[in-house]
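These notes are about the structure you will find just below.
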Amino acid sequence: MRSLEFKGRDIVSIEDFSREEINYILNISKSMEQLASQGSNMLKGKILATLFFEPSTRTRLSFEAAMLKLGGAAIGFAEAEVTSVRKGENLADTIRAVENYADVIALRHPLDGAAKLAAEFSKVPILNAGSGSEEHPTQALMDLYTIQKEKGRIDGLKIALVGDLRYGRTVHSLAYALSLYNIELYLISPESLKMRKEVIHSVEKKISVFEGTNLEDVIPQVDVLYVTRIQKERFPDAAEYAKVKGTYKVDLKLLKNAKTDMIILHPLPRVDEISAEVDSAPQARYFQQVRNGLVVRMALLALVLGAVK
Amino acid sequence: MRSLEFKGRDIVSIEDFSREEINYILNISKSMEQLASQGSNMLKGKILATLFFEPSTRTRLSFEAAMLKLGGAAIGFAEAEVTSVRKGENLADTIRAVENYADVIALRHPLDGAAKLAAEFSKVPILNAGSGSEEHPTQALMDLYTIQKEKGRIDGLKIALVGDLRYGRTVHSLAYALSLYNIELYLISPESLKMRKEVIHSVEKKISVFEGTNLEDVIPQVDVLYVTRIQKERFPDAAEYAKVKGTYKVDLKLLKNAKTDMIILHPLPRVDEISAEVDSAPQARYFQQVRNGLVVRMALLALVLGAVK
Amino acid sequence: MRSLEFKGRDIVSIEDFSREEINYILNISKSMEQLASQGSNMLKGKILATLFFEPSTRTRLSFEAAMLKLGGAAIGFAEAEVTSVRKGENLADTIRAVENYADVIALRHPLDGAAKLAAEFSKVPILNAGSGSEEHPTQALMDLYTIQKEKGRIDGLKIALVGDLRYGRTVHSLAYALSLYNIELYLISPESLKMRKEVIHSVEKKISVFEGTNLEDVIPQVDVLYVTRIQKERFPDAAEYAKVKGTYKVDLKLLKNAKTDMIILHPLPRVDEISAEVDSAPQARYFQQVRNGLVVRMALLALVLGAVK
């Protein structure tokens, strides 16, 4: 595989990457497994700024741990209320200030397009750690990495995305990324939470897509079951949320009809869409997924800072 | 003294430790005094996660400073509102995510039993930094260390615990720990804030315990005066708090009847239970106690991570 | 230039420093430019505590980045609500605890005199990162450094401070500092936001001061235009704020009458007192100013910790 240039690049949207580039990132991620255990000085003297304008403890800690594992350091904030935003500052100004303190910025923001805007203004690479309901590219990369690692390949698999496919930001990035591979995609959601039309249109040009509302029907065929939380905070209307919450519940009963080598993924946090009894089932991989997020983020930090080729 | 194995152990409850083990920790703590001044690379490459589901700045900074002094790094959060808890995640899931990012976790949680639960799920050692109203083992260890350091011994001393003995979590851990030594324990509190029966029953099997409400009566005899704050936030009822606040006040007038080599401890923060005029009295040791907390936490981090034996 | 002793000193008020001392700090700052790019181990093993009792993301991140660039580490909090202050602790006790964890403390506090009080109690150096409406000495130093760097000198310049000169804390520190140089000072503000009398009295003993309300009149003459935000949060009364907000607006039309080598500074964050179109004007220097803040804070940390002479 030829070496690709990532130094100085922003990681804003998974759509910016070719299949070759994604495979390259996954390969570098694999080489980070050992460094995740042993530590490294690869990024000594480098500073990551985690600018989280909405809380996401898991993602923030993952980025910070990735930076520390590579010998770098981290500064940042965990919530917009603690920031200059209270004083009315715009995002572009925040970026043009923080780029003076940090060598790379991981940005989480409630508004669509925030990461793209930040990347336009920033002199240092922007890693999109979730912006609005659109994109969460590092989550998609860790999902791909987990599938590749656990199933040995991505091509040829039947992959089901289940739950909130409308508001959940991780599934949009993931659907786009999966469309670069030879897979069959099953989209299972309540009617009111179906994947947005523009995502489906883009994806079904490349791979075959099946939409449905019934999880039991598809469970016997799928190789990867990707479950998402129906997120109350994304609903404009509480009554709408009440109608669909708890629609899907992955439990041992459901798994009776699943392939034994199927794997269950979840971007976490979960609430009750995966029963606790499933945690010790052979198919459960959602906690391993977290570890994989660490090595993928180590890879991205090392790549955009030019420490690996 | 023989070497004891602490690598991989959780520090959940002071009751899990024998007198021999506690003495061992105190000895290792003593050996950390020099490293606290000079710094060390003992834990280079290791990461501590401070998961504080309720605020406790002093304890959090103490753990983080201890980790940094040993060459390690720290990530974490200072308050539950900023975390996935808002999204309804349970503690077990949080732990199973964070154990992928960190080599050791310091946990503060408002619920009784939280640290124990976390330890059951975690692959990395859990250090209980206070859970509910039950336990605060690292505080008890720093209290013992301070007594040992300042008085040269623990055995043979007369030790008074004063203030809120019911809700204050530090005094429960401390009473258990002291019961491993040959001491006389004085418990001085308002009637409504007496030490819980189960703690007294356990402790008085091993040492002699005197309960009372009047501090003046016992002050001439005691070697160690351990003062606690009557914590408004622990009271279910504001009227109950109003009745007892300000019951005890340690001032220079009170100290006239105290031994000159008595020492005064306090877990801090204090409000007005120790008068500012006492800060420069020869008996005051509550600020030195803070420094001792640092070395004790350095010792615990080094022990559970297997860096010292 | 002779070497001056800064080890162990507090940086509380710009008024504590002579012109010689300020020039010395500016020189050391210059020598930090290279280390800001390359990193350094100068403060390896040292810990900075950032105690921010009111939020100021930019200043906090600047201090932390400065410490990390020099190989040190940082702990701290970003907001009073997360701290022992909730439990009623006083500032002196907080300082006497934290001085056990850190080698230097950067303090931000809403009350006038807080940094001074902290310095009286602290065994480690206190860096005032803004206290009340009085003082913000590191901001003043970075302003001076920016003027010196961009104009090659401070003496002989015509410098205008514009906007809220009453509540804005940066301009008080800056006015005092500028009065040590041979400059002409223009103070442009709404009547209700004029610089406080005691500041003017002190400053005009040393340099010539012109007060006015009209920016257009003075713009053709000035070499440095220092714009401040009219800060809603500093006004006791919202109606008073409504009257004066938006009084001054620096835009390209205004700049037509300015010198081409005039420079525009702003302590940031800005809201709308400098139009976005000005960002690419040749006079804009407010983002470079941020970078200069980093090197000035690196210099101060290195100086008070005795790492440079």
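The values are calculated or read from the model by the stated rules, or taken from the named source; none is laboratory data. Computed from a predicted model, the values in this text were never measured in an experiment. We place every Cβ from the backbone using ideal geometry, glycine too, and count neighbours over all the protein chains shown.
Looking across C:Leu301, C:Leu265, one residue alone is at pLDDT 95 or above, within 17 Å of C:Leu165 (Cα to Cα) and within 18 Å of the chain's Cα centre (by Cα). It is C:Leu265. Residue check: is A:Phe17 touching a helix residue (DSSP H, G or I) at 6+ places or on another chain (Cβ under 7 Å) and either within 20 Å of A:Phe287 (Cα to Cα) or aromatic (Phe, Trp, Tyr) (or both)? For A:Phe17, the condition - touching a helix residue (DSSP H, G or I) at 6+ places or on another chain (Cβ under 7 Å) and either within 20 Å of A:Phe287 (Cα to Cα) or aromatic (Phe, Trp, Tyr) (or both) - is not met. Being in contact with an Asp or Glu (Cβ under 6 Å, 6 or more places away or on another chain), closer than 22 Å to C:Arg58 by Cβ, in the same structural domain as C:Leu144 (by TED's automatic domain parsing) and β-branched (Val, Ile, Thr) holds for only one residue in C:Val227, C:Val250, and it is C:Val227.
Which of the residues spanning the stretch A:218-255 are farther than 30 Å from A:His109 by Cβ and either at pLDDT below 95 or among the aromatic types (Phe, Trp, Tyr) (or both)? Listed by number, the list holds a single entry, A:Lys249. Within the stretch A:47-62, the set of residues being in a loop (DSSP other than H, G, I, E, B) and either without any contact (Cβ under 8 Å) to a residue 60 or more places away in the chain or more than 8 Å from every other protein chain (Cβ to nearest Cβ) (or both) comprises A:Phe53, A:Glu54, A:Pro55. A residue that is more than 12 Å from chain C (Cβ to nearest Cβ), in contact with a helix residue (DSSP H, G or I) (Cβ under 7 Å, 6 or more places away or on another chain) and among the aromatic types (Phe, Trp, Tyr) cannot be found anywhere in the stretch B:197-214. For C:Ile154, the criteria (1) in contact with a strand residue (DSSP E or B) (Cβ under 8 Å, 6 or more places away or on another chain); (2) outside any helix (DSSP H, G or I); (3) without any contact (Cβ under 8 Å) to a residue 40 or more places away in the chain; (4) surrounded by 20 or more Cβ atoms within 10 Å (Cβ to Cβ) hold in every case but one, which is (1).
Considering each residue of the stretch C:72-80 in turn, at least one proves to be closer than 21 Å to C:His136 by Cβ and assigned to a loop (DSSP other than H, G, I, E, B). Every condition in (1) at pLDDT 95 or above; (2) within 25 Å of C:Ser179 (Cβ to Cβ) is met by C:Ala106 except one, and the failing one is (2). Annotation: A:Gly113 fulfils all but one of (1) within 16 Å of the chain's Cα centre (by Cα); (2) more than 13 Å from A:Leu178 (Cα to Cα); the unmet one is (1).
Just one of the listed residues (A:Pro190, A:Pro137) is within 24 Å of A:His109 (Cα to Cα) and touching a helix residue (DSSP H, G or I) at 6+ places or on another chain (Cβ under 8 Å), namely A:Pro137. Entry remark, the stretch C:17-34: residues being touching a residue at least 40 places away in the same chain (Cβ under 8 Å) and surrounded by fewer than 18 Cβ atoms within 10 Å (Cβ to Cβ) number 5 in total. So which residues in the stretch C:26-60 are of a type in the set (A, V, I, L, M) and farther than 16 Å from C:Gln289 by Cα, if there are any at all? Of everything in the stretch C:26-60, those that are of a type in the set (A, V, I, L, M) and farther than 16 Å from C:Gln289 by Cα turn out to be C:Ile28, C:Leu35, C:Met42, C:Leu43, C:Ile47, C:Leu48, C:Ala49, C:Leu51.
For the structure I just gave you, tell me whether B:Val171 is in contact with a Pro (Cβ under 9 Å, 6 or more places away or on another chain) and farther than 18 Å from B:Arg153 by Cα. Spelling it out, B:Val171 is indeed in contact with a Pro (Cβ under 9 Å, 6 or more places away or on another chain) and farther than 18 Å from B:Arg153 by Cα.
Scanning the stretch C:37-53 for residues that are out of contact with any His (no Cβ under 7 Å at 6 or more places or on another chain), of a type outside the set (Ser, Thr, Tyr) and at negative phi yields C:Gln38, C:Asn41, C:Met42, C:Leu43, C:Lys44, C:Lys46, C:Ile47, C:Leu48, C:Ala49, C:Leu51, C:Phe52. Of all the residues in the stretch A:271-309, those that are touching a residue at least 12 places away in the same chain (Cβ under 8 Å), within 14 Å of chain B (Cβ to nearest Cβ), in a helix (DSSP H, G or I) and out of contact with any Lys or Arg (no Cβ under 9 Å at 6 or more places or on another chain) number 6.
Table: residues versus (1) within 14 Å of chain C (Cβ to nearest Cβ); (2) within 16 Å of B:Ile188 (Cβ to Cβ); (3) outside any loop (DSSP other than H, G, I, E, B); (4) hydroxyl-bearing (Ser, Thr, Tyr).
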position	(1), (2), (3), (4)
B:Leu225	no, yes, yes, no
B:Arg229	yes, yes, no, no
B:Glu233	yes, no, yes, no
B:Pro236	no, no, no, no
B:Ala239	no, no, yes, no
B:Tyr248	no, yes, no, yes
B:Thr260	no, no, no, yes
B:Pro269	yes, no, no, no
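Cβ-Cβ contacts under 6 Å between residues 6 or more apart (or on different chains), taken from a first residue in the stretch C:63-90 that is more than 16 Å from B:Glu54 (Cα to Cα) and at the interface with chain B (Cβ under 7 Å from one of its Cβ atoms) to a second residue that is surrounded by 19 or more Cβ atoms within 10 Å (Cβ to Cβ) and at pLDDT 95 or above, are listed as C:Ala73/B:Leu68; C:Ala73/C:Ile47; C:Ile75/B:Leu61; C:Ile75/B:Glu64; C:Ile75/B:Ala65; C:Ile75/C:Ala49. Considering only residues that are surrounded by 15 or more Cβ atoms within 10 Å (Cβ to Cβ), among the hydrophobic types (A, V, I, L, M, F, W, C) and within 26 Å of B:Tyr167 (Cβ to Cβ), which ones fall in the stretch B:268-284? Hits for the stretch B:268-284 are B:Leu268, B:Val271, B:Ile274, B:Val278, B:Ala284. For the stretch C:94-120, the set of residues classified as away from chain B (no Cβ under 14 Å) and out of contact with any Gly (no Cβ under 9 Å at 6 or more places or on another chain) consists of C:Lys116, C:Ala118, C:Ala119, listed by residue number.
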